[in-house]
Amino acid sequence: MAGNDPEPHFDELYRDLILDHYRMPRNRGVLDVADVDLTQFNPVCGDEVRLTARIVDGAVAEIAFLGQGCSISQSSASMMTEAIRGRSLDHAIRVAQGFRAMILGEDADEAMMGDLMALQGASRYPTRVKCAVLAWDTLQRALGGARGREDVGSSDPDSAG
Ligand code: ZN
């Protein structure tokens, strides 16, 4: 399957970056030892992302993804692993929230988004929003669970946010 090319509203530079991640995904695979292991689907487009990560001292020590689907969903997952690997859970969640806001059409924090700016064009396509945020949905759910386990005695992790 060739997958879908990004739509023309993505800048050429950004299209190249998206396709580069799509063709050569970073951190692709499944970790042997993982604190979080979660799979999410976007049935509208047929996208799938499985995320495994190892959490050490409140930071994302290792992260890998496996998935299939369109170029937007897979490049978003690849860029996400690059953006948060080695970073604290708090930072990862802030980036996830910033990315989601950007895709929903809000102003983006370009310094924080970095290469993720390439996916901003997805905000112009309602059907692409779910593709772009799939990996981040998976991340937020996975980290929410991981943080809940670390904060023993805290309230229900589902109530956060
Ligand atoms: Zn998709």
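What follows is calculated from the coordinates using simple rules that are stated; it is not laboratory data. Quick caveat, the model's predicted, so the values are computed rather than measured.
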Mean separation of Cα contacts under 8 Å (6+ apart) over length of segment 75-153, as relative contact order %
35 percent
Quick one: what Rg and Dmax do you get for segment 48-112 from the alpha carbons, in Å?
12.3, 34
The alpha-carbon center of segment 13-62 and that of segment 88-121 are separated, in whole Å, by 16 Å
Counting only DSSP beta bridges with both partners in the chain, the antiparallel fraction in percent, to the nearest 5, comes to 95 percent
Whole-percent tail of the Cα-Cα distance distribution for the chain, cut at 23 Å, equals 33 percent
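In square nanometres, what is one fourth of the surface area of the convex hull spanned by the alpha carbons of segment 77-153?
Values: hull surface 20.6 nm².
Average of the hull's projected areas for segment 77-153 equals 5.1 nm².
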